Amino acid sequence: MYETFYGLRSRPFQLTPDPHYYFESLTHRKALSYLGYGLAQGEGFIVITGDVGAGKTTLVSHLMATIDRERLTAANIVTTALDSEDIVRVAANNFDIETEGLDKAQLLSAFEEFLHAEARAGRRCLLIVDESQNLPTGALEELRMLSNFQLGGQALLQIFLLGQPEFRDVLQQSDRLEQLRQRVIAHHHLEPMEAHEIEPYITHRLSKSGWSGRPKITSDVFALLFGETGGVPRKINTMMSRVLLMGAVEHAELIDQPLVGRVLADLNGEDVEIAEPEVEFDPATAKSPLWEKPARKSAVQPEENPEMEPAPAVESYQPIVADIAAAVEPSEPSIAPVPAVEAADHEVLPFRSGAEIAAPTEPVAAPIAPPLEGQSPLATPDTNEVVAAQVDMISKQLSALEMRMGGQEDNLHRVLTMLVDWVESDIRSKESYVNAGRAA
């Protein structure tokens with residue numbers, strides 16, 4: 001659907017491994033070097049491991065697309081929990097060896113005869129075993145026995161073993177696989193891609209599908225994708241397929257962080273707030289995505305550097321922001337005029353925080369001047385005296401409020417200065433991490 005809307009020839013982020021879309025990241029370049037070295041040796045085992053979706057199958061498919069089929073006969077099998085006899089039979093079937101009705105001895109004889117025939121024709125044989133972590137020890141030992149076939153002192157079969165990280169552990173720790181370990185001539189573990197490789201990876205696959213710059217993708221999307229996928233190619237493909245699909249549904253010509261955030265919310269069934277890279281602080285509301293805690297981690301997490309102190313957590317600054325918001329929200333002191341013989345609307349409290357200034361209270365009765373000497377307590381005081389007492393009380397309240405507002409402005413200035421210093425420090429820290437990553 002989205003490939004039609006954006007004018008692409010094919011789906012650039014399909015999950016099926018396709019050597020046409022092979023992208024040579026740093027870790028894939030190293031693995032390809034080991035594979036090339038192994039092919040040049042023409043014997044033994046080469047082991048490639050990596051997490052699920054790291055690109056092991058795509059790597060080998062790319063290698064197979066570059067070999068000369070006139071000089072190398074290759075077979076590729078994906079294993080389940082095969083026993084020692086089944087693995088030989090499956091391997092023979094993938095080399096187009098007739099196995100029906102043959103027992104194990106006859107099967108091994110037919111396999112050896114095939115290898116001899118290929119060697120006489122000037123071709124070497126390569127067996128690629130994917131998902132090797134599923135094989136029991138007996139099946140791995142049977143593969144080692146197949147690698148023993150020789151002709152004129154030359155090995156007739158070379159084997160590539162691809163597996164998940166647990167296969168590396170089994171291979172290194174099992175006492176029964178010592179002979180197999182001695183025949184491993186190269187081993188590489190595929191790591192996830194690094195943060196700076198995400199953008200070229202995505203643009204590479206889009207270009208292979210006929211991408212002409214539509215849709216445009218903002219640079220902050222790549223950092224968000226790295227944070228969400230950890231640099232694993234298959235996870236990136238899954239995310240980008242969903243992002244482009246939503247872009248096509250919304251007729252979006254720009255892929256940006258808000259759109260990716262909606263995809264994440266849809267995938268996880270939750271609201272996701274995406275922090276914008278540059279947002280000015282608004283003192284009228286004191287709300288900005290830079291200070292709001294996101295529902296999911298959406299930014300690139302820099303590698304730990306023992307020489308640099310980690311930036312403080314964002315949520316530790318939320319009480320400061322709350323105080324700032326409460327302090328700057330009322331532009332003028334909200335003191336209602338007090339008519340004669342009526343109560344004041346607000347009571348001035350001792351300064352504790354910006355949020356407690358001018359807290360509303362129950363109406364307080366205005367003080368009445370005491371009766372004059374010789375006057376009855378029930379007598380009504382003179383109106384001028386009452387007004388004078390109220391004016392004096394209000395003057396004292398205003399003076400106290402002005403003093404507290406002055407102190408409050410000083411406190412607010414200090415808090416804002418601290419917050420600006422922290423933001424600038426955080427930006428400098430992120431820039432240093434990015435520059436360090438590029439330099440590496």
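The values are calculated or read from the model by the stated rules, or taken from the named source; none is laboratory data. This structure is a prediction, so every number in the text was calculated from the model and none was measured. Ideal geometry is used to build each Cβ from the backbone, glycine not excepted, and the neighbour counts take in all protein chains shown.
Observations on the model:
- Those helices (runs of 4 or more DSSP H) of the range 33-138 in which 1 or more residues are touching a residue at least 12 places away in the same chain (Cβ under 8 Å) and either aromatic (Phe, Trp, Tyr) or touching a Cys at 6+ places or on another chain (Cβ under 7 Å) (or both) occupy 104-120.
Every residue, every condition in (1) surrounded by 19 or more Cβ atoms within 10 Å (Cβ to Cβ); (2) free of Cβ contacts under 8 Å to residues at least 60 places away in the same chain, yes or no:
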residue: 213; (1), (2): no, yes
residue: 218; (1), (2): no, yes
residue: 225; (1), (2): yes, yes
residue: 231; (1), (2): yes, yes
residue: 236; (1), (2): yes, no
residue: 240; (1), (2): yes, no
residue: 248; (1), (2): no, no
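- Filtering 177, 151 for residues that are crowded, with 17+ Cβ neighbours inside 10 Å, out of contact with any Cys (no Cβ under 8 Å at 6 or more places or on another chain) and assigned by TED's automatic domain parsing to the domain that holds residue 61 leaves a single hit, 177.
- Residue list for the range 125-148, restricted to those being surrounded by 20 or more Cβ atoms within 10 Å (Cβ to Cβ) and not β-branched (Val, Ile, Thr): 125, 126, 127, 132, 135, 139, 140, 142, 143, 146
- Odd one out for residue 71, checked against (1) in contact with a Lys or Arg (Cβ under 7 Å, 6 or more places away or on another chain); (2) buried (at least 20 other Cβ atoms within 10 Å of the Cβ); (3) basic (Lys, Arg): (2)
- From 234, 214, 242, residue being over 24 Å from residue 58 (Cβ atoms) and charged (D, E, K, R): 214
- Across the range 141-157, the qualifying residues are those that are in contact with a helix residue (DSSP H, G or I) (Cβ under 7 Å, 6 or more places away or on another chain) and in a strand (DSSP E or B), and the one among them that is modelled with the lowest pLDDT is 151.
- Residues being in a helix (DSSP H, G or I) and within 20 Å of the chain's Cα centre (by Cα) - total across the range 1-27: 2
- Per this entry, residue 158 is counted among residues that are under 30 Å from residue 142 (Cβ atoms), surrounded by 15 or more Cβ atoms within 10 Å (Cβ to Cβ) and polar (S, T, N, Q).
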